[in-house]
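Trainee: The structure's right below; bear with me while I get my questions together.
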Amino acid sequence: MTQLPGVYEAKCLGFDSATEARVLIPQVFGTEPVPAAFIAPAPEEGARGFVSFISGQAEYPVWLGTVGRK
């Protein structure tokens, strides 16, 4: 199993639920959007930010925060 330590650039595309955003993480998944959990505040649609993975596992991305502007 590939470990994903560190922090990766991401873009929020929208939301799957009240606690899950649909994000692009190009360094890991290319152009395939994936669901990511987030801790308040929720990212805005179109926001750029950073994602990390719980225990380095690709199945558990977490939006860490937004940076800059859309």
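Trainee: Being touching a Phe, Trp or Tyr at 6+ places or on another chain (Cβ under 6 Å) and of a type in the set (Phe, Trp, Tyr) is true for just one of PHE29, PHE50, PHE15, PHE38. Which residue is that?
Mentor: Going through PHE29, PHE50, PHE15, PHE38 in turn, just one is touching a Phe, Trp or Tyr at 6+ places or on another chain (Cβ under 6 Å) and of a type in the set (Phe, Trp, Tyr): PHE38.
Trainee: Right, here's the next one. Among GLY6, GLY46, GLY14, which is in a strand (DSSP E or B) and in contact (Cβ under 8 Å) with a residue 12 or more places away in the chain?
Mentor: Criteria check complete, one pass: GLY14.
Trainee: So, in the stretch 49-61, exactly how many residues are farther than 14 Å from GLU9 by Cβ, in contact (Cβ under 8 Å) with a residue 12 or more places away in the chain and not hydroxyl-bearing (Ser, Thr, Tyr)?
Mentor: 3
Trainee: If you take the residues in the stretch 15-48 that are surrounded by 11 or more Cβ atoms within 10 Å (Cβ to Cβ) and small (Gly, Ala, Ser), which one is nearest to the chain's Cα centre (by Cα)?
Mentor: ALA36
Trainee: For the stretch 60-70, which positions are surrounded by fewer than 17 Cβ atoms within 10 Å (Cβ to Cβ) and modelled with pLDDT of 95 or more?
Mentor: Within the stretch 60-70, TYR60, VAL62 qualify.
Trainee: Can you tell me which residue in the stretch 1-14 is modelled with the lowest pLDDT, limited to those that are within 19 Å of GLU59 (Cβ to Cβ) and exposed (fewer than 13 other Cβ atoms within 10 Å of the Cβ)?
Mentor: Here the residue is MET1.
Trainee: Still on this structure, I have one more. Does VAL28 count as without any contact (Cβ under 8 Å) to a residue 60 or more places away in the chain, part of a helix (DSSP H, G or I) and hydrophobic (A, V, I, L, M, F, W, C)?
Mentor: yes
The values are calculated or read from the model by the stated rules, or taken from the named source; none is laboratory data. Everything numeric here is computed off the predicted structure, so don't read it as measured data. Quick reminder, even Gly has a Cβ in these numbers, built from the backbone with ideal geometry, and neighbours come from all protein chains shown.
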